[in-house]
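The values are calculated or read from the model by the stated rules, or taken from the named source; none is laboratory data. These figures come from a predicted structure and were not determined experimentally. Cβ placement follows ideal geometry from the backbone for every residue including glycine, while neighbour counts extend to all protein chains displayed.
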Amino acid sequence: MAKETRKRKADHIRISLNQNVQARNTTTGFEDIHFIHKALPEIDKQKIDLSTTVFNHKFAAPLIVGAITGGTPEATKINATIAEAVEELGLGMGVGSQRAAIENKKFEKTFVVARKKAPTAFLIANIGGVQLVNGYRLKEVKKAIKMIEADAIAIHLNPLQEAVQPEGQTNFRGVLEKIGEIAKELEKPVIAKETGAGIAAEEAKRLEAAGVKGIDVSGAGGTSFAAVEYHRAKRREKSFQRRLGDVFWDWGIPTAISIVESSQTVSVPVIASGGIRDGVDVAKALALGASLSSLSQPVLQAAVKGVKETKNALSLLIEELRNVMFLAGADSVQTLRQVPLVITGKTAEWLKMRGFRVESYARRGRD
């Protein structure tokens, strides 16, 4: 099992770097989100405060690097590189699923390196929700947290990926109850995290009621794990799974929609992820109601090159965010979450059909 898990993680890295695994026909919805330009911003761009406090941790900017990898030799360097960059910039990061290291102690170093390189950064441990249904208990969750001295743990929900994966585990019966049991016992915050298909209002509400302290929407429009599994199946000549990966390539709730559905329904912090590619996306996510923004694919591309490139990529995102805030007249992250937004197109249509008042975003902040 450990060997199989390790090989799968190596496949995910290789495919993500070398194949097109981005959504084909589904977009994030951010193209439908529009800021109102401030011709009179009345703020000093250089004095904009990007810091924010979430989960009782102060971030220099509302940005974390989402879970990418771990449990395979290639992961050690990637996690070390990202950790060094987020430590320098005062950000945070999540590690990939720690299942491989829980199954085989020798892979712990691929995760442990994150805390070694980032002694003060916000680190998020990671375990699969489906594993909680299939044998994992509080013991394994605590082991994952201890492994990286994590500040929080993400329990990832990946039914789409498991459904199209040749070796996928598709028994999710009772997963919410198991998440609730873990959340009740842990002192560290539990974050429920999707993996590219989004979280709807109904699920967000149930997760909050179960005791999770944060929701990472990971919506559709960015990396598609159905696409990743399509490429795995293609290489292994598994025509059945290849077909499933192709058909479900664009399945999911677009990120912008999922942010609104979740943030308008729950009171716990919402993390925006799924296809976030620049500082404008980050700003839109925050203005829609997210507390933090997270991205993975662009950072993975930089991390395989080195710490300097990773730091530069993240620094550019932060500067782009600062520019948006200046042009929208927001001198702090808290202010950014109150600036007016116009929501148009398919995103507006979806949200209206679901009973959300998109007009309220456009009207806030008026004198």
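Can you pull out every residue in region 348-367 that is assigned to a loop (DSSP other than H, G, I, E, B), out of contact with any helix residue (DSSP H, G or I) (no Cβ under 8 Å at 6 or more places or on another chain) and closer than 16 Å to Ile36 by Cβ?
Those that are assigned to a loop (DSSP other than H, G, I, E, B), out of contact with any helix residue (DSSP H, G or I) (no Cβ under 8 Å at 6 or more places or on another chain) and closer than 16 Å to Ile36 by Cβ: Arg364, Gly365, Arg366, Asp367.
For region 211-222, enumerate the residues that are surrounded by 24 or more Cβ atoms within 10 Å (Cβ to Cβ) and not aliphatic (A, V, I, L, M). Within region 211-222, Asp216, Ser218, Gly219, Gly221, Gly222 qualify.
The set of residues in region 86-109 that are under 22 Å from Lys7 (Cβ atoms), part of a helix (DSSP H, G or I) and not hydrophobic (A, V, I, L, M, F, W, C) comprises Arg99, Glu103, Lys105, Lys106, Lys109.
Within region 271-325, which residues are part of a strand (DSSP E or B) and either in contact (Cβ under 8 Å) with a residue 60 or more places away in the chain or surrounded by fewer than 24 Cβ atoms within 10 Å (Cβ to Cβ) (or both)?
Within region 271-325, Ile271, Leu292, Ser293, Ser294, Leu295 qualify.
Among the residues of region 230-270, those that are closer than 30 Å to Glu208 by Cα, touching a residue at least 60 places away in the same chain (Cβ under 8 Å) and assigned to a helix (DSSP H, G or I) comprise Thr255, Ala256, Ile257, Ser258, Val260, Glu261, Ser262.
Here is a list: Thr52, Thr69, Thr26, Thr81. Which entry is hydroxyl-bearing (Ser, Thr, Tyr), at pLDDT 95 or above and farther than 30 Å from Leu327 by Cα? Don't jump to the end; show me each part of the working.
Working: Thr52 fails: farther than 30 Å from Leu327 by Cα; Thr69 fails: at pLDDT 95 or above; Thr26 fails: farther than 30 Å from Leu327 by Cα.
Being hydroxyl-bearing (Ser, Thr, Tyr), at pLDDT 95 or above and farther than 30 Å from Leu327 by Cα holds for just one of Thr52, Thr69, Thr26, Thr81, which is Thr81.
Within region 326-347, the residues that satisfy the criterion of being outside any loop (DSSP other than H, G, I, E, B) and within 22 Å of the chain's Cα centre (by Cα) are Val333, Gln334, Leu336, Thr347.
Go through Ser267, Ser263, Ser273 for me and flag whichever is under 30 Å from Pro166 (Cα atoms) and of a type outside the set (A, V, I, L, M, F, W, C).
On the way: Ser267 fails: under 30 Å from Pro166 (Cα atoms); Ser263 fails: under 30 Å from Pro166 (Cα atoms).
Exactly one residue qualifies, and that residue is Ser273.
Check whether at least one residue in region 143-150 is within 13 Å of Ile182 (Cβ to Cβ), in contact (Cβ under 8 Å) with a residue 40 or more places away in the chain and surrounded by fewer than 18 Cβ atoms within 10 Å (Cβ to Cβ), and report yes or no. For region 143-150, residues within 13 Å of Ile182 (Cβ to Cβ), in contact (Cβ under 8 Å) with a residue 40 or more places away in the chain and surrounded by fewer than 18 Cβ atoms within 10 Å (Cβ to Cβ): present.
Condition check: farther than 23 Å from Leu316 by Cβ, modelled with pLDDT of 95 or more and either crowded, with 19+ Cβ neighbours inside 10 Å or not aliphatic (A, V, I, L, M) (or both). Does Gly129 satisfy that? Even if it seems obvious, please write down each step before you answer.
Details: farther than 23 Å from Leu316 by Cβ: yes; modelled with pLDDT of 95 or more: yes; either crowded, with 19+ Cβ neighbours inside 10 Å or not aliphatic (A, V, I, L, M) (or both): yes.
Taking the combined requirement at face value, the residue satisfies it.
Within the group Val141, Val112, which residue is of a type in the set (A, V, I, L, M), under 14 Å from Ala75 (Cα atoms), assigned to a helix (DSSP H, G or I) and modelled with pLDDT of 95 or more?
On the way: Val141 fails: under 14 Å from Ala75 (Cα atoms).
Selected residue: Val112, the only one of Val141, Val112 that is of a type in the set (A, V, I, L, M), under 14 Å from Ala75 (Cα atoms), assigned to a helix (DSSP H, G or I) and modelled with pLDDT of 95 or more.
Tell me, yes or no, whether region 6-20 has at least one residue that is part of a loop (DSSP other than H, G, I, E, B), of a type outside the set (Gly, Ala, Ser) and touching a His at 6+ places or on another chain (Cβ under 6 Å). Before you say what the answer is, go through the steps one by one.
Keep residues of region 6-20 that are part of a loop (DSSP other than H, G, I, E, B), which gives 19-20.
With the extra rule that they be of a type outside the set (Gly, Ala, Ser), the set shrinks to 19-20.
If we keep only those that are touching a His at 6+ places or on another chain (Cβ under 6 Å) as well, we get 19.
Yes, region 6-20 contains a residue that is part of a loop (DSSP other than H, G, I, E, B), of a type outside the set (Gly, Ala, Ser) and touching a His at 6+ places or on another chain (Cβ under 6 Å).
Against the numbered list (1) crowded, with 22+ Cβ neighbours inside 10 Å; (2) of a type in the set (Gly, Ala, Ser); (3) under 30 Å from Pro340 (Cβ atoms), Gly90 comes up short only at (1). Return yes or no: is Ile253 modelled with pLDDT of 95 or more, within 17 Å of Ala220 (Cα to Cα), surrounded by 24 or more Cβ atoms within 10 Å (Cβ to Cβ) and under 13 Å from the mean Cα position of the chain (by Cα)? Against the criterion (modelled with pLDDT of 95 or more, within 17 Å of Ala220 (Cα to Cα), surrounded by 24 or more Cβ atoms within 10 Å (Cβ to Cβ) and under 13 Å from the mean Cα position of the chain (by Cα)), Ile253 does not qualify.
Give region 330-347 a look and list any residue that's farther than 16 Å from Val282 by Cβ and surrounded by fewer than 20 Cβ atoms within 10 Å (Cβ to Cβ), or say none. Quick ask: steps written out before the conclusion?
Here is the first cut: in region 330-347, the ones farther than 16 Å from Val282 by Cβ are 331, 338, 340, 342-347.
Correct list: Asp331, Gln338, Pro340, Val342, Thr344, Gly345, Lys346.
When the criteria are applied in full, Lys117 fails the requirement of being surrounded by 18 or more Cβ atoms within 10 Å (Cβ to Cβ) and in contact with a Leu (Cβ under 7 Å, 6 or more places away or on another chain).
Ala233 meets the conditions (1) buried (at least 21 other Cβ atoms within 10 Å of the Cβ); (2) modelled with pLDDT of 90 or more; (3) more than 27 Å from Ile33 (Cβ to Cβ) in every case but one. The failed one is (2).
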